[in-house]
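Q: Okay, handing you the structure first.
Nothing in this text is a laboratory measurement; each read-out follows from the coordinates by a stated rule. From a predicted model like this one, the values you see are computed outputs, not experimental measurements. Counting neighbours? That spans all protein chains shown, and the Cβs are built from the backbone with ideal geometry, glycine included.
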Amino acid sequence: MPRLIVVVVEPLYPANVGYIARAMRNFGLSRLRVVNPKLALTGASKYAMHASGIIRGAKTFDNLEEAVKEVDIVVGTTAKPSRSLRNVVRKAISARQFAQRCGSCQATVALIFGREDNGLSNEELRRCDLIVTIPADSKHPTLNLATPRRYCSTNSSPAAPRLKRRLPLRGELSKPSMPTSEDS
């Protein structure tokens, strides 16, 4: 199993950080990193339900580069994957595909989630080895901040079954291609 680290970039609301910690605990994850928080993390504990230890143990960083400095694979998330062949930055794989590739990998993987109001910037996504999206209704593609964390945690946590394909390491990666109907 990968060693997953959840990284949240500039969270705005204590409730979302608390819900993230709760979802992490539900699926056996414990390492939370917060980049440039716009809130006091202590306020998130009341929303965490038995996961306040994750919030107390969270590490804060001034920028994303510092938060992912010692990880093997950086995985960004987006609600808006590219539909254009020219926008390589937002070519995403599904969370299910990510879990299938990640199941038996022994790397340290940072799963990066963006701001509640506008997600990760294109510049932040360019720094990622993989981009993951969760398919949703095209009229309402953006999920509440805690929802994708719960979904990705469910599919790639120690509580999930081991899968056979491993995620390639940084030097083995090429930009992911758009998923086909066969990948769903």
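Q: At most 15 other Cβ atoms within 10 Å and a DSSP loop assignment: could you name the GluC sites (Glu not before Pro) in the stretch 24-79 that fit?
A: Listed in order of number, the matching sites are Glu70.
Q: Let me ask something additional. What residues qualify as long-range amide H neighbours of Ile5, i.e. H under 5 Å apart, gap of 5 or more or another chain, H built at 1.01 Å from N?
A: Those lying under 5 Å, H to H, from Ile5 are Val109, Ala110, Leu111.
Q: Another question, if that's okay. Can you give the local net charge around Ala67? Use residues other than it whose beta-carbon is closer than 12 angstrom to its beta-carbon, Lys and Arg +1, Asp and Glu -1.
A: Residues close to Ala67 contribute a combined charge of -1.
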